[in-house]
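This report refers to the structure that appears directly beneath it.
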Amino acid sequence: MFTGIIEEVGEVVTAEEGDLRIRARQILTDAKLGDSIAINGVDLTVTEINGDCFAANVMPETYRRSNLGDLKAGDAVNLERSVRPTDRLSGHIVRGVVEGRAIIESFTPEADAVIARFKTPAELLRYMVVKGPVTIDGASLTIIDKTADSFAVSLVQYTQVHTNLLRKPVGASVNIETDIIARDVETLLQSR
């Protein structure tokens, strides 16, 4: 489980089919083989640590649902270590199980914030509510607007600097994980 509070922006060293290698410093200080690290919101298992780089295997289902297959050497990725039972839950409950992708539609400055709008499939939008949580490339954010085919979040200065979101161009894809509670409630109600 994760919080969606990005700890570090890492750099892709290699991205080959089934194998992803990331350069990072902070998250590797106490990492060990078998640990879970969210890369752009995708929960992956550390399979190798070599200096300031770590490797993770990526399965075909992950490529189908996420933007990890689009990564190339030099790309910036959001990184977060899994939550320990003693940690504060600063963001929201994030499983690291990406449900799909959205496309960056626009970045609009608003005072010291930036409004980011994402074109999103209906099957993801159904679990989004204004003032509710969403995870975008692993970052826990609050939805401020929703239309029939998009949603928007406001990026505060800290998020602008400490995530990869503003490093991406309009038209790029991002990984989306909707609110686990909304999904669970729907599933329980459908069984009635």
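The values are calculated or read from the model by the stated rules, or taken from the named source; none is laboratory data. On a predicted model such as this, the values are computed, not experimentally measured, just so you know. Here Cβ is always computed from backbone atoms with ideal geometry, including for glycine, and neighbour counts include all displayed protein chains. Just so you know, the surface numbers come from the protein's heavy atoms only, side chains and all, with ligands and any DNA or RNA stripped out. Shrake-Rupley method; radii C 1.70, N 1.55, O 1.52, S 1.80 Å.
If you take the square roots of the eigenvalues of the alpha-carbon gyration tensor of segment 81-122 and sort them as a ≥ b ≥ c, do you get rounded (a/c under 1.5), prolate (a/b over b/c) or oblate?
On the way: a/c = 4.15, a/b = 1.52, b/c = 2.73.
Note, shape of segment 81-122 comes out oblate.
The slack between V170 and E61, meaning 0.36 nm per residue of separation minus the straight C-alpha distance, is 36.7 nm.
Can you work out the FRET efficiency for the pair T86 and T47, with r the C-beta to C-beta distance and R0 = 35 Å, to the nearest 0.05?
Values: r = 26 Å, r/R0 = 0.75.
About 0.85, to the nearest 0.05.
When the P(r) of segment 45-88 is calculated, the portion above 12 Å amounts to 75% of the C-alpha pairs.
The Cβ shell under 10 Å around V170 holds other residues with a net charge of +1, Lys and Arg each +1, Asp and Glu each -1.
Over 26 Å, how big is the tail of the calculated P(r) for the chain, in percent of all Cα pairs? Mind showing how you got there, number by number?
Details: 5240 of 18336 pairs.
It works out to 29 percent of all Cα pairs.
With a 10 Å radius around each residue's Cβ, average the other Cβ atoms per peptide and rank 28-38, 129-139, highest first. The partial results should precede the final answer.
Numbers: 28-38: 15.7, 129-139: 21.9.
Per-residue Cβ counts within 10 Å, averaged per peptide and sorted highest first, yield 129-139, 28-38.
Shown for the chain: the carbon plus sulfur share of the solvent-accessible area, taken with all protein chains present and a 1.4 angstrom probe, equals 53%.
About the Cα centre, and with charges only on the beta carbon of Lys, Arg (+1) and Asp, Glu (-1), how big is the dipole of the chain? Nearest 20 debye, please.
Numbers: 21 positive and 28 negative charges, 66 e Å.
It comes to approximately 320 debye.
Among the GluC sites (Glu not before Pro) within segment 1-81, those in coil by DSSP and having at most 12 neighbouring Cβ atoms inside 10 Å are E17.
Here's how it looks for S82: its modeled amide H is under 5 Å from those of S36, A38, which are all 5 or more places away or on a different chain.
Treat segment 145-190 as a sphere of radius equal to its Kirkwood radius over Cα pairs and apply Stokes-Einstein at 20 °C in a medium of 1.002 mPa s; give the translational diffusion coefficient in µm²/s, rounded to a whole number. All intermediate terms of the calculation are to be shown ahead of the outcome.
Details: Rh = 13.4 Å.
Approximately 160 µm²/s, per Stokes-Einstein.
Just check segment 1-62 against the gyration tensor rule for me: Cα atoms, a ≥ b ≥ c as the square roots of the eigenvalues, rounded for a/c under 1.5, and otherwise prolate or oblate depending on whether a/b exceeds b/c. It is rounded, given that a/c, with a ≥ b ≥ c, falls under 1.5.
When a/c is below 1.5 the answer is rounded, else prolate if a/b is larger than b/c, else oblate, so apply that to segment 56-158 with a ≥ b ≥ c taken from the square roots of the Cα gyration tensor eigenvalues. Rounded shape, in that the Cα axes give a/c under 1.5. Taken one residue at a time, the phi angles of segment 178-190 give Karplus couplings (6.51, -1.76, 1.60, θ = phi - 60°) of 7, 5, 4, 5, 4, 5, 5, 4, 4, 4, 5, 5, 5 Hz. Gly and Pro are set to x.
Distance between the pseudo-spin-label points of M1 and D145 (7 Å out from Cα toward the beta carbon): 3.4 nm. Along the axis of the charge dipole computed for the chain (Cβ charges of +1 for Lys and Arg, -1 for Asp and Glu, origin at the Cα centre), the listed residues G41, V12, L68 are led at the positive end by G41. Multiplying the residue separation of R95 and K32 by 0.36 nm and removing their Cα-Cα distance gives an extension gain of 20.7 nm. Among residues other than I5 with Cβ under 12 Å from its Cβ, the summed charge is -2 (Lys and Arg +1, Asp and Glu -1). Under 5 Å from the amide H of I6 lie the amide H atoms of S140, each residue being 5 or more positions distant or on a separate chain, with H modelled from the backbone and absent for Pro and chain starts.
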